[in-house]
1. Given the structure, is LEU57 in a helix (DSSP H, G or I) and in contact with a Pro (Cβ under 8 Å, 6 or more places away or on another chain)?
2. Of everything in region 175-188, what is more than 20 Å from ALA66 (Cβ to Cβ) and either of a type in the set (Gly, Ala, Ser) or exposed (fewer than 15 other Cβ atoms within 10 Å of the Cβ) (or both)? Give them in sequence order.
3. Does region 64-73 include one or more residues that are farther than 19 Å from ASP120 by Cβ and touching a residue at least 60 places away in the same chain (Cβ under 8 Å)?
4. Would you be able to say whether some residue in region 121-135 is open to solvent by less than 50 Å² (accessible area, probe 1.4 Å) and in a strand (DSSP E or B)?
5. So which of ILE133, ILE172, ILE138 ends up being touching a residue at least 12 places away in the same chain (Cβ under 8 Å), under 12 Å from the mean Cα position of the chain (by Cα) and within 22 Å of HIS64 (Cα to Cα)?
6. Tell me, which residue of region 60-108 that is of a type in the set (D, E, K, R) and touching a strand residue (DSSP E or B) at 6+ places or on another chain (Cβ under 8 Å) is most open to solvent (accessible area, probe 1.4 Å)?
7. How many of the residues in region 1-55 are open to solvent by 40 Å² or more (accessible area, probe 1.4 Å), touching a residue at least 40 places away in the same chain (Cβ under 8 Å) and among the charged types (D, E, K, R)?
Amino acid sequence: MDEFPRRHRITVGEYYRMAEVGLLAPDARVELIDGEIFDMPPIGSRHAALAHHLHHLLSGALGHRAMARMQVPVRLDDYSEPQPDVSVVAYREDFYVTRHPIASEVLLLVEVSETTLRYDQQIKGALYAHHGIPEYWIVDMKRKQLHVSRRPTSTGYVETVSIDRPATMPVIALPEAAVDVSPLFASI
């Protein structure tokens, strides 16, 4: 019987060791998704500004109920450690000094998409849903839309809507928190 060769999936530990020994450059724009290393496009000034603006808006709306983090890893399992543009995670006194947040601590993940919409929707959306991330937003810079996905299952999100003129958006994991994203879209 003919079989395909098995792929070698890289673990998060191996990924970090690759960086330690110089196989990955210190400034490499990569992330580990399901055991594979993906090159990420450079962050342009518009992308950076939108991500920072959204981080600022979310931080103000959350207070001490949760933490907004910007472009830092989230450890989903032994084979996936993506770096979403913005993550909202459970509040911890130590600010996650000993480890990155894990899937059960993530309340919302956000990707700002200028050139990677299909990847953000298909690959990252499926990954985030599979790991039970309750809510996933994509800021679509080209279409000036907010794509909101909720109700995760092991195969994807049950509910996804695209909003042309988003205003105040609730964060479903924090019913008392809502963020006015209209200033963000006014600047696109």
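1. Yes.
2. Answer for region 175-188, where residues must be more than 20 Å from ALA66 (Cβ to Cβ) and either of a type in the set (Gly, Ala, Ser) or exposed (fewer than 15 other Cβ atoms within 10 Å of the Cβ) (or both): SER182, PRO183, ALA186, SER187.
3. Checking region 64-73: at least one residue is farther than 19 Å from ASP120 by Cβ and touching a residue at least 60 places away in the same chain (Cβ under 8 Å).
4. Yes, because at least one residue in region 121-135 is open to solvent by less than 50 Å² (accessible area, probe 1.4 Å) and in a strand (DSSP E or B).
5. One residue alone meets the criteria, ILE133.
6. ARG65
7. Matching residues across region 1-55 total 3.
The values are calculated or read from the model by the stated rules, or taken from the named source; none is laboratory data. Computed from a prediction, not measured in an experiment: that's the story for all the values here. Note that we place each Cβ from the backbone using ideal geometry, even for glycine, and neighbour counts take in every protein chain shown. Just the protein is used for accessible areas: all its heavy atoms, side chains included, with ligands, DNA and RNA removed. Shrake-Rupley method; radii C 1.70, N 1.55, O 1.52, S 1.80 Å.
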